[in-house]
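Here is the structure we will look at, set down as structure tokens.
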Amino acid sequence: MSIFKDAGHLFRFAALFVIAFLVFLVVRHYVVPKSFGKYGHYRAAAMDEIAAHPMQFAGHQACEQCHSDVAATHASGMHAHVNCEACHGPLAKHADDPSSVTPKLPDTATLCVRCHEASAARPKNFPQVKSAEHSGGMPCQTCHNPHSPAIGSGAAAGGAK
Amino acid sequence: MSGVEGYMYPNEVTLFWSVLIVLYPYITGLVAGAFILASLERVFKVDAVKPTYRLALLTALAFLLDAPLPLQFHLGHPERSPEMYFTPHATSAMAMFGYVYLWYLMAVLVFEIWLDYRREIVLRSQQTKGLLRLIYKIMTLGSTNISERALHIDEKVGWVVTLIGIPSAFMLHGYVGFIFGSIKANPWWSSPLMPVVFIFSAMVSGVAAVMLLYMGLTKLRKQTIDMRCVDTIAMYMFYIFVIDFTLEMLDLVHRIYEADESFRSIDFMVHTKLFFSQIVVQILIGTLVPLALLFIVQVWKNNISEIARKRIYVLCGSLILISVFAMRWNVVIGGQLFSKSFLGYTTYKMELATREGLLAAIGLTLLPLGFLWILLKLLPPWNDSQSHAAQLPASGD
Amino acid sequence: MTMTRRHLLLLLPAAAVAWESVLAGTPEDSPNYNRTDHWWGMLIDIPKCIGCGNCVRACQEENDVPDGHFRTWVERYHVEDWNLTDPQVISPDGGKEGFPVATDDSGKYFFVPKLCNHCADSPCTQVCPVGATFITPDGVVLVDQKYCLGCAYCVQACPYGCRYIHPEKRVADKCTLCYHRITKGQTTACAENCPTGASQLIDLKNPKDPIHEFLKTHNVQVLKPQMATGAKVFYNELDGSVR
């Protein structure tokens, strides 16, 4: 039995390991989030937290509920597939409570050319103009209704009220 | 954006792994290398290196204590790092760090040092006073059994621990290489040779560090340097370095010969942004010069005076330390300088006094020397004083 | 309770307070949304993209993306016929304000919007040491920003450059495929605001989604297919020079 006696200090060292391991298990039990591992190696609650972020863009369905007149013009024109907030910006707050935020009218001088300024890089079949030659500095909505831009397709001047 | 040539994906312009991530494999490498030197004596019975055995173990411990600190400084949320222990992700090489580190620290290094020093610890716990006495008392774990039989058991167990320690040291550092080598997104890293190259360069750097420490500390203590010991260390350093250099060149030649889609990008980088740190520092000054010098010493050992050999060893050791640091730099920083689109390059701007800046890096490089100083005070490794330790416990210098 | 207090001592006090909410989570589910019914992806129709940058701006407004970092961005390729494998690529500020007018008419031009590919075998979630990034049961790669260490290993592992470390939050950040929108029946901010329909949200598990017909009848490719990541952002008419 003297082997055990003379190796006693080794058991003490081993006991340190066992104690540390037990403490680790106890701490681990309390520290690991409850939803961890529910679907996989992650905290399942994180999905709900991310899903709960507020939206900034309301989506065109929300706009169309109130602005049915514009929606009708828009739906029949060349810009039918351009959603409202693509030009008007994020308006979820306005959709939630229309009086809280008054949308600003977009500045057509910068807005229209983003898509329609002629560039060799754009697809050839996409309508493009050299804005300086095309309008001579006049605002685009003088001739085009942004909601239905083909000339003569809708009330032209000042159509985007 | 300044510092960008060609096209980088916009999120690639800033580097997310800084100089601290260069430091981390460098320091773990020194740990692994120092341990391998210790195992030379213990397992492979290379008696000549005995004077460095304990110093090597203490050096390994000092650097191992420092190793996780660069990571902690780098992490965005260091307070969350215990998650690595609580919910380690089985598919992540990095998640294993915590466990490999703890295993290596506690089950290998601390245990082996404890076994090796137990006799002195027990004696000191009886002969010192005050706080020191308390420290040594705790270190005995309450067992004062230093009978011949007990020490014999320690010797046997210590041998087994060293034997386990060798693959553990390889694992500790090989896995660091795997962290880089397993990233398929990055052709500069993605290579199965990466862990092997990391292990061999680690061995060279660790051996060089212990050799320099041994020479420096012996000088400071006004003792004579055991030339048989440093000659042997230098020999091993030379052979390991030859293997290391061969592997690195194999990797390089393979890349050049295969010349895959990433080659133009990497080739350009090595000729420009990495030219100084890779070609000049790592390969020319840091590898070819010490290899040539060590080769000369191996061949004409008897014709070179002791003084000259010592100077050559100090020079080679220092160059090797620089070279291996440069190698880590070229891997970590180099791997982030080119775009994964292979269309452009960015620049690493090292900060100075920030959390991940130059000053933090220098501090974290010097810190292990502080740890080592404490360890040397607490557990003097010197053979000459070791024999006196029983009688003169107070002369701990 | 004594135990909880004791283990919290291990953490920094401020972090401990934050940790309470991590432990608890917010048990709020979208009521009519069943995760296992969906498998989300995107379709990018390259011939339709005009490089207006609407998607980039919309993403930044919807998701509060920090300046200089991008959850989605647009690249403009210019490939000349004598040098098909060495395209000239630009993406000024991620294409956020569009692109300079191109006057050089030689070669071909096209725009490539990029975003997280929400890979089914994603290298980024593979390397995360703690499980702070993961693929949801509905096929979206997300980051748990309350759990992320900020080690940036995932940033290194993404072959597409879609991840970055958020400069203020100091955690990994990336496209969530507007998880907060798609779980409420909306499309993503980039798709909602794309004027030409070049970018569309697709649900591969929905048999009525027109994507199935589209995939059968078009030349569709993913980015860097050699990476074998199971990317779920499909590109129509993707040029071979795109990386």
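The values are calculated or read from the model by the stated rules, or taken from the named source; none is laboratory data. On a predicted model such as this, the values are computed, not experimentally measured, just so you know. Methodologically, a virtual Cβ is constructed for each residue, glycine included, from the backbone with ideal geometry; neighbour enumeration extends over all protein chains shown. SASA here: full protein model, heavy atoms, side chains in, ligands and nucleic acids out. Shrake-Rupley method; radii C 1.70, N 1.55, O 1.52, S 1.80 Å.
Restricting to region C:168-196, give me the number of residues that are within 9 Å of chain B (Cβ to nearest Cβ) and either touching a Gly at 6+ places or on another chain (Cβ under 6 Å) or open to solvent by 10 Å² or more (accessible area, probe 1.4 Å) (or both).
Result for region C:168-196: 3.
Taking region C:197-213 only, how many residues are out of contact with any Lys or Arg (no Cβ under 7 Å at 6 or more places or on another chain) and open to solvent by less than 40 Å² (accessible area, probe 1.4 Å)?
6
Looking at region C:150-183, which of its residues are assigned to a loop (DSSP other than H, G, I, E, B), under 11 Å from the mean Cα position of the chain (by Cα) and hydroxyl-bearing (S, T, Y)?
C:Y160, C:T176
Just one of (1) open to solvent by less than 40 Å² (accessible area, probe 1.4 Å); (2) part of a loop (DSSP other than H, G, I, E, B); (3) at pLDDT 95 or above trips up C:A58, so point out which.
If we test C:A58 against (1) open to solvent by less than 40 Å² (accessible area, probe 1.4 Å); (2) part of a loop (DSSP other than H, G, I, E, B); (3) at pLDDT 95 or above, just (2) comes out false.
Of the residues B:S262, B:S305, which single one is within 14 Å of chain C (Cβ to nearest Cβ), of a type in the set (S, T, N, Q) and surrounded by fewer than 20 Cβ atoms within 10 Å (Cβ to Cβ)? Walk me through how you get there before you give the answer.
Working: B:S305 fails: within 14 Å of chain C (Cβ to nearest Cβ).
Testing whether each residue is within 14 Å of chain C (Cβ to nearest Cβ), of a type in the set (S, T, N, Q) and surrounded by fewer than 20 Cβ atoms within 10 Å (Cβ to Cβ) leaves just B:S262.
What are the residues in region C:219-243 that are part of a strand (DSSP E or B) and not polar (S, T, N, Q), if any? Reasoning before the result, please.
Of the residues in region C:219-243, the ones part of a strand (DSSP E or B) are C:220-221, C:233-236.
Selection gives C:V220, C:V233, C:F234, C:Y235.
Just wondering, is there one or more residues in region C:185-199 that are farther than 30 Å from A:C112 by Cα and in contact (Cβ under 8 Å) with a residue 60 or more places away in the chain? Before you say what the answer is, go through the steps one by one.
First, pick out the residues of region C:185-199 that are farther than 30 Å from A:C112 by Cα: none.
Within region C:185-199, not a single residue is farther than 30 Å from A:C112 by Cα and in contact (Cβ under 8 Å) with a residue 60 or more places away in the chain.
Would you be able to tell me the number of residues in region B:219-253 that are free of Cβ contacts under 8 Å to residues at least 60 places away in the same chain and not hydrophobic (A, V, I, L, M, F, W, C)? It would help to see each step written out before you state the result.
Start the filter on region B:219-253 by keeping residues that are free of Cβ contacts under 8 Å to residues at least 60 places away in the same chain, which leaves B:219-220, B:222, B:224, B:239-240, B:242-247, B:249-250, B:252-253.
Still in the running and not hydrophobic (A, V, I, L, M, F, W, C): B:219, B:222, B:224, B:239, B:244, B:246.
Final tally of qualifying residues: 6.
Starting from residues that are of a type in the set (D, E, K, R) and closer than 19 Å to A:K5 by Cα, keep the ones in region B:118-128 and report whichever is nearest to the other protein chains (Cβ to nearest Cβ). Before you say what the answer is, go through the steps one by one.
Filtering region B:118-128 down to residues of a type in the set (D, E, K, R) leaves B:118-120, B:124.
Cutting the leftovers down to closer than 19 Å to A:K5 by Cα gives us B:118-119.
Working: B:R118: 7, B:R119: 11 Å.
So the residue we want is B:R118.
Tell me the helices (runs of 4 or more DSSP H) entirely within region B:89-196 that contain at least 1 residues that are more than 30 Å from B:V22 (Cα to Cα), among the polar types (S, T, N, Q) and touching a helix residue (DSSP H, G or I) at 6+ places or on another chain (Cβ under 7 Å). Steps first, please.
Values: elements: B:95-102, B:111-127, B:130-140, B:148-181.
Filter on region B:89-196 gives B:111-127, B:130-140.
If you go through region C:10-21 one residue at a time, do you hit one that is out of contact with any helix residue (DSSP H, G or I) (no Cβ under 6 Å at 6 or more places or on another chain), surrounded by 13 or more Cβ atoms within 10 Å (Cβ to Cβ), at pLDDT 95 or above and within 13 Å of chain A (Cβ to nearest Cβ)?
no
Looking at A:F11 and the list (1) at pLDDT 95 or above; (2) out of contact with any His (no Cβ under 9 Å at 6 or more places or on another chain); (3) not assigned by TED's automatic domain parsing to the domain that holds A:G137, which single condition is not satisfied?
Status for A:F11: all satisfied but (1).
For every residue, the table says whether it meets (1) in contact (Cβ under 8 Å) with a residue 24 or more places away in the chain; (2) within 20 Å of the chain's Cα centre (by Cα).
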site	(1), (2)
C:D64	no, yes
C:P87	yes, no
C:E97	yes, yes
C:P100	no, no
C:D104	yes, no
C:G107	yes, no
C:H118	yes, yes
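Kindly indicate whether C:I50 is over 17 Å from the mean Cα position of the chain (by Cα), within 9 Å of another protein chain (Cβ to nearest Cβ) and open to solvent by 10 Å² or more (accessible area, probe 1.4 Å). Working first, answer last.
Numbers: over 17 Å from the mean Cα position of the chain (by Cα): yes; within 9 Å of another protein chain (Cβ to nearest Cβ): yes; open to solvent by 10 Å² or more (accessible area, probe 1.4 Å): no.
Considered against the rule, which asks whether it is over 17 Å from the mean Cα position of the chain (by Cα), within 9 Å of another protein chain (Cβ to nearest Cβ) and open to solvent by 10 Å² or more (accessible area, probe 1.4 Å), C:I50 comes out as no.
Filter region B:159-193 for residues that are within 14 Å of chain C (Cβ to nearest Cβ), open to solvent by 10 Å² or more (accessible area, probe 1.4 Å) and within 19 Å of B:I36 (Cβ to Cβ) and give the result. Reasoning before the result, please.
Residues of region B:159-193 within 14 Å of chain C (Cβ to nearest Cβ): B:175-176, B:178-190.
Add one more test, that the residue is open to solvent by 10 Å² or more (accessible area, probe 1.4 Å), and what stays is B:175, B:178, B:181-182, B:184, B:187-188, B:190.
Selection gives B:Y175, B:F178.
Yes or no, residue by residue, for (1) touching a residue at least 60 places away in the same chain (Cβ under 8 Å); (2) hydroxyl-bearing (S, T, Y); (3) touching a helix residue (DSSP H, G or I) at 6+ places or on another chain (Cβ under 9 Å); (4) not assigned by TED's automatic domain parsing to the domain that holds A:S135:
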residue: A:A15; (1), (2), (3), (4): no, no, no, yes
residue: A:I19; (1), (2), (3), (4): no, no, no, yes
residue: A:V32; (1), (2), (3), (4): no, no, yes, yes
residue: A:D69; (1), (2), (3), (4): no, no, no, no
residue: A:T110; (1), (2), (3), (4): no, yes, no, no
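Any chance region B:21-29 includes a residue that's assigned to a helix (DSSP H, G or I), within 12 Å of another protein chain (Cβ to nearest Cβ), buried (at least 23 other Cβ atoms within 10 Å of the Cβ) and free of Cβ contacts under 8 Å to residues at least 12 places away in the same chain? Break it down stepwise before answering.
We begin by selecting, within region B:21-29, every residue assigned to a helix (DSSP H, G or I); these are B:21-29.
After this cut, where a residue has to be within 12 Å of another protein chain (Cβ to nearest Cβ) as well, the list is B:21, B:24.
From what is left, the residues that are buried (at least 23 other Cβ atoms within 10 Å of the Cβ) are B:21, B:24.
Going one step further and asking which of them are free of Cβ contacts under 8 Å to residues at least 12 places away in the same chain, we end up with none.
Among the residues of region B:21-29, not one is assigned to a helix (DSSP H, G or I), within 12 Å of another protein chain (Cβ to nearest Cβ), buried (at least 23 other Cβ atoms within 10 Å of the Cβ) and free of Cβ contacts under 8 Å to residues at least 12 places away in the same chain, which makes the answer no.
Which of the helices (runs of 4 or more DSSP H) contained wholly in region A:1-97 include at least 1 residues that are at the interface with another protein chain (Cβ under 8 Å from one of its Cβ atoms)? Don't jump to the end; show me each part of the working.
On the way: elements: A:2-6, A:8-31, A:45-51, A:60-66, A:68-76, A:84-88, A:92-96.
Counting at least 1 such residues, we get A:2-6, A:8-31, A:45-51, A:60-66, A:84-88.
For region B:129-142, state whether one or more residues are closer than 26 Å to B:A56 by Cα, in contact (Cβ under 8 Å) with a residue 12 or more places away in the chain, away from chain A (no Cβ under 14 Å) and under 22 Å from the mean Cα position of the chain (by Cα).
No, every residue in region B:129-142 fails to be closer than 26 Å to B:A56 by Cα, in contact (Cβ under 8 Å) with a residue 12 or more places away in the chain, away from chain A (no Cβ under 14 Å) and under 22 Å from the mean Cα position of the chain (by Cα).
As an exercise: evaluate B:M350 against (1) part of a helix (DSSP H, G or I); (2) among the aliphatic types (A, V, I, L, M); (3) modelled with pLDDT under 95 and give the number of the one condition it does not meet.
(1)
Any idea which of (1) exposed (fewer than 12 other Cβ atoms within 10 Å of the Cβ); (2) over 28 Å from C:Q60 (Cα atoms) is the one A:T102 doesn't satisfy?
(2)
Which residue, of B:V280, B:V289, B:V297, B:V314, is of a type in the set (A, V, I, L, M, F, W, C) and open to solvent by less than 30 Å² (accessible area, probe 1.4 Å)? Lay out the reasoning, then the answer.
On the way: B:V280 fails: open to solvent by less than 30 Å² (accessible area, probe 1.4 Å); B:V289 fails: open to solvent by less than 30 Å² (accessible area, probe 1.4 Å); B:V314 fails: open to solvent by less than 30 Å² (accessible area, probe 1.4 Å).
Answer to the selection: B:V297.
So is C:Q221 of a type outside the set (S, T, Y), out of contact with any Lys or Arg (no Cβ under 9 Å at 6 or more places or on another chain), open to solvent by 30 Å² or more (accessible area, probe 1.4 Å) and at pLDDT 95 or above or not? So that I can check it myself, show each step before the final result.
On the way: of a type outside the set (S, T, Y): yes; out of contact with any Lys or Arg (no Cβ under 9 Å at 6 or more places or on another chain): yes; open to solvent by 30 Å² or more (accessible area, probe 1.4 Å): yes; at pLDDT 95 or above: yes.
So C:Q221 fits the description; yes.
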